[in-house]
Amino acid sequence: MKAIVKILSRILHIFPIKHNKIFLMNAAGTSIGGDPKALVVWGNNNNKTYDYVWGMKNRIYVKQAELKNVRFVNKRSFRCIYEALTSRVLFFNVNPPKYLVFRKEQILINSWHGFVFKKVGKHRGYRIEETTCFISNSNTFTELLLYDSFEYKNKILLCGQPRNDIFFSDEMKVVSRSVREKYGLSNKKILLYAPTFRSDFMYKDTGIDFNQLRSVLKKKFSGDWVILYRLHPSLLLTHKVTAKDVIDVSAHQDMQELLCAADVLITDYSSSMWDFSLMKKPVFVFANDIDEYEAERGFALPYDEWPYAIAKNNFELQTNIDEYSEPDYLMKLESFFSSMTSYEDGQGSKAVFDYIESAECSQNSCS
């Protein structure tokens, strides 16, 4: 089938490229969120009147989408292939589909979908081959992910991730309020628990003690706490959250919206740590298999360089929360983002559109 699609891709090259069309896909077409969504929202709000076409795997999510001025197409359809190969710009946050034969005149932009905490790319047996310009949110991202993991040699746009622009704007409060209203949590404090997947893409019960968590959070930060549990999207159709007294928000498509609403984040190795801490909110790492994970997967950025308190069991997690010091944490964050040479400033989407409209990187924003 892939061979047939490749042949079809070449045939479709006879159709002219539409210079006002942008094709987008989030992850493998499994949800509507991330950098592609942020780019469309910014474009709509700033009179960027492009023909936005979005490749989707599951039509159920399209019905839930609130994106304006977007045409959704089935990822597995002939129409999707046609739309992709006649778009001047294609925007991905994972490896572009290998079964498509892109054209030299097309601009392929890749933002990737997370900070470089874990090993990816050549360390995991794959490469990024089809990309015209890659977004990098920090010098460390460039060095560890682009140069080392992907051995990438094309243009690099040095700017914040579009999905993180919201953390630097007043829209963050609006989105937070919307999420709280959706789940009936207007007067609650929110802990978001968002562990990542494992290499076998199977769910693993970490044994985290949610009842005790509520108690220590209330003692430390006061207020009535509610726990939102979000599975990694890759586990959404393979497992359902059964933990008692938590709200399963795994089907909530836009992770950034949940981050806006949360007061505290607990994760293991998810790059949501980077995103969330841009708001200067507390992040705690609960990683009871960190030694096994390091041996099996490996970390691109050693975990002893992370600014977040790491716990291997419930007792250590509760201790880390109880001993949390905001001044110390903020000092660690400042040092961390400085050492990474972070480019996050809330202008990521604008930088991408500037690049699209110039069709080439300027000396000040690209290397």
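Residue count for segment 140-175 satisfying the condition of being outside any helix (DSSP H, G or I) and under 19 Å from Leu108 (Cα atoms): 12.
Just one of the listed residues (Arg163, Arg198) is among the charged types (D, E, K, R), under 18 Å from the mean Cα position of the chain (by Cα) and at pLDDT below 95, namely Arg198.
Restricting attention to segment 291-314, which residues are of a type in the set (Phe, Trp, Tyr) and either closer than 22 Å to Asp148 by Cβ or at pLDDT below 95 (or both)? Across segment 291-314, the qualifying residues are Tyr293, Phe299, Tyr303, Trp306. The sole residue among Asn288, Asn320 that is touching a residue at least 24 places away in the same chain (Cβ under 8 Å), more than 23 Å from the chain's Cα centre (by Cα) and within 27 Å of Ser149 (Cβ to Cβ) is Asn288. Just give me the residues in segment 73-83 being crowded, with 19+ Cβ neighbours inside 10 Å and out of contact with any Gly (no Cβ under 7 Å at 6 or more places or on another chain), in sequence order. Matches in segment 73-83: Ile81, Glu83. A count restricted to segment 3-53 and to residues that are part of a loop (DSSP other than H, G, I, E, B) and at pLDDT 90 or above stands at 10.
Of everything in segment 298-350 that is part of a helix (DSSP H, G or I) and hydroxyl-bearing (Ser, Thr, Tyr), the residue that is farthest from Asp268 (Cα to Cα) is Ser349.
Of all the numbered requirements in (1) under 30 Å from Ile107 (Cβ atoms); (2) without any contact (Cβ under 8 Å) to a residue 60 or more places away in the chain, Ala309 misses one, and that requirement is (1).
The values are calculated or read from the model by the stated rules, or taken from the named source; none is laboratory data. Fair warning: this is a prediction, and the values are worked out from it, not measured in the lab. Please note: Cβ atoms are built from the backbone with ideal geometry, for glycine as well, and neighbour counts cover all protein chains shown.
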